[in-house]
Every structure is written in C-alpha cells, then in structure tokens.
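Inspection log for the structure reproduced underneath, given as structure tokens.
The values are calculated or read from the model by the stated rules, or taken from the named source; none is laboratory data. All values derive from a computational prediction rather than experimental measurement. Glycine also receives a Cβ, built like all others from the backbone with ideal geometry; neighbour counts cover every protein chain displayed. Calculation scope for accessible area: heavy atoms of the full protein, side chains included, ligands and nucleic acids excluded. Shrake-Rupley method; radii C 1.70, N 1.55, O 1.52, S 1.80 Å.
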Amino acid sequence: MPTALPTRTFSALALLTGLLGLSPRPAPASGPPVAIAIHGGAGTISREDMTPEREAAFRATLEQAVRAGHERLLAGESSLVAVRTAIVLLEDSPLFNAGRGAVFNADGVNELDASVMRGRDRAAGAVASVRRVRNPIDLAIAVMEHSPHVMLAGEGAETFGAEQGIETVDPSWFHTEFRWEQLEAAREKETAGDIVTADFFSTVGAVALDRAGDLAAGTSTGGMTNKRFGRIGDSPVIGAGTFADNASCAVSATGHGEYFIRWVVAYDICARVASGSSLADAADTVVNGVLVEAGGTGGVIAIDAAGDIAMPFNTAGMYRASVDAAGNVFVGIYGDE
Ligand code: ASP
C-alpha cells in the first residue's frame with residue numbers, strides 16, 4: 001500500500017453504489033457539517049456543442065464522483081480521502097481532461113499534472129509532466145505523505161511513484177479519439193495564426209470539509225492541448241491551482257493556467273477569506289473581478305470551514321457538482337444553472 005488511503009476497491013464500491021443509484025445517507029441533523037464540491041473544467045461549454053448523450057454522461061459522472069466523495073465524509077473519513085475518491089473517478093473517466101481523458105501536447109503525448117493540499121497543517125504534494133501514472137492525484141498524495149518535498153516532475157516523479165507502488169499504465173491508456181481530434185484542431189488553428197483560447201482548457205478538482213473540521217483541496221489535469229516545451233500550468237502549483245488552510249478555505253481552480261499562476265488565484269481567495277471576506281465574495285471578486293480585468297478565463301470551486309461552497313466562473317460554463325452541508329446535491333454545466 002503506497003499510502004494510508006483507500007485503494008481502488010473503495011472506488012469500485014463507490015462506482016457500484018453510483019451505478020445502483022443509491023442515495024447517500026442523509027447527513028445527521030446535528031454534529032459538525034460535511035460538504036464537498038468538484039469541478040470537471042471550465043470553458044466555452046455551450047448547449048449547441050453538446051449532444052444529449054454526452055451531456056447525460058457528464059452529469060452522471062459528476063454526480064457519481066461527488067456522491068462517492070460525500071459518502072466518505074459521511075462515513076467519518078477525512079476530507080483528503082473524499083477529495084481523492086472524487087478525483088480518481090474523474091481521472092478514470094475519458095470525459096475529463098485529467099488521467100484517462102487528458103489532452104495531448106504538441107508531440108502527441110499526454111503529460112499530466114496534479115496537486116493536493118491539506119488544510120490542517122498546510123501539507124502539500126504535487127507532480128508535473130508525468131506520462132505513465134494512471135492517477136496523478138495518488139502520486140501527489142504520495143509526495144505529500146512520503147517525501148520531504150512538495151513538487152516532483154517528469155521522470156523523477158515517476159521513479160518516486162514506482163518506489164511508492166503507484167500504478168502505472170501504458171501511455172496508450174490516455175489515448176482518446178476526442179482529445180486527438182482536439183489536438184488536430186489546435187494545430188490547424190495555430191497554423192492559421194490563432195491564439196490559444198479557453199476552448200482548450202479543462203481539468204478536474206475537488207474540495208471538501210470533513211467531520212473533524214479539516215479542509216482539503218486537490219486538482220488534476222492534462223493541461224493545455226498542444227502545449228510544448230514542457231509547459232506546466234497552475235494545476236500542480238500550490239497557491240495558484242490548489243490551496244487549503246483550515247483557517248480560511250480550500251480552493252481548486254480550472255482555466256488559463258498562466259493567469260492563475262500570476263494572480264495566485266487559489267491563495268488570493270483564501271487570503272481574502274482570512275481577512276474577513278465571505279467565501280462567496282472572495283471567490284467572486286477574484287474570478288469575476290481580478291481575473292476578468294487581467295484577461296484570465298476560468299473558474300474555481302471553494303469551500304470554507306462552515307461548509308459554505310462557492311463555484312464562480314467567468315466562462316460560458318463549468319462542469320461542477322456539490323453536496324452542501326444540508327445534504328443538497330447540485331450538478332451543473334452551463335452558466336444559467
Ligand atoms: N488550468 C489548467 C492549466 O492551465 C487547465 C485547465 O484548468 O483547464 O494547465
């Protein structure tokens with residue numbers, strides 16, 4: 001066992017539970033609140049570009065992942081376990097730009113980034129540009145729990161993963177037709193002199209609050225379609241794409257990573273909460289104020305110590321889902337939901 005966290009058996013159970021359509025047990029009327037939010041990327045997501053089948057598949061997978069994470073919280077497990085449970089399901093789905101459904105870089109290769117942070121002690125782990133790790137979030141957790149470092153990249157990260165018994169797959173595991181077509185479209189646009197747009201972003205993430213009052217955040221991505229020169233975005237950068245501190249909030253971001261890094265988005269939201277802003281105000285100010293002014297497209301999911309959730313985005317849509325402290329389940333894709 002690489003970590004003290006649940007193995008794939010638990011994910012399989014959660015998957016089965018989701019497939020059987022079982023509802024999570026209702027949260028107890030009293031006792032500390034638990035809550036969770038997840039995202040599957042923000043971007044130019046419109047109803048016109050979506051088939052009913054594809055939309056249904058997105059909604060079902062989002063709901064399954066958020067319920068699986070929530071189940072862990074109701075069972076008294078940590079926010080880190082809940083975040084990991086939800087993200088593994090999203091990484092294993094070909095629908096999202098993370099793990100299995102990761103986008104291709106300019107060389108036609110999938111390079112994956114992920115990070116995780118625990119709010120209790122600001123422990124953090126991250127990996128960048130790994131090519132064979134099935135679930136990069138697990139490697140990020142292993143970096144946090146079993147190394148003295150915060151971020152490992154490339155072959156070194158994979159060597160560490162092998163030492164930790166982290167599952168690897170043949171790179172063909174990450175080959176999906178949809179992402180290959182996206183790469184070809186990006187290459188054509190590039191030749192036509194177009195700049196990169198938000199069409200080519202997306203990512204997955206989760207934030208959660210557990211019974212012990214601990215927050216956690218995690219993010220996993222294939223990054224940007226057609227990326228080159230070893231480009232790494234915000235997703236594995238603590239403070240930019242991921243941040244968690246029990247004293248303020250937990251955030252996972254998705255969007256144009258270069259902006260999220262420079263505007264230190266995840267940390268900025270939590271710093272505003274620490275200075276007295278409500279979570280909703282802080283997240284909205286950064287995503288729809290600071291970032292819009294800067295020209296950065298994307299969104300975040302955020303949760304605070306009371307279990308309040310905010311999921312603002314400045315794009316047409318963001319794949320997202322949550323179970324709030326009262327046990328209400330929400331799944332959304334478009335801006336008007
Ligand atoms: N933020 C990620 C990156 O820039 C991509 C995304 O969220 O869609 O790599």
Point to revise | Accessible area of the chain divided out per residue, in Å², using a probe of 1.4 angstrom | key: 39 Å²
Check your understanding: When the convex hull of the Cα atoms of segment 79-176 is projected onto a plane and the area is averaged over all directions, what value comes out in nm²?
Key -> 5.9 nm²
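Using a 1.4 angstrom probe on heavy atoms only, work out the carbon and sulfur share of the accessible area of segment 33-334 in %. Provide the component values of the computation, followed by the final result.
On the way: 5360 of 10510 Å².
So the carbon and sulfur contribution to the accessible surface is 51 percent.
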Point to revise | Highest to lowest packing among 59-67, 151-159, scored as the average C-beta count within 10 Å | key: 59-67, 151-159
Practice item. Report Rg(Cα)/(2.2 N^0.38 Å) for segment 33-334, keeping two decimals. Key: 0.90
Point to revise | Fraction of antiparallel bridges per DSSP, segment 33-334 only, in percent to nearest 5 | key: 90 percent
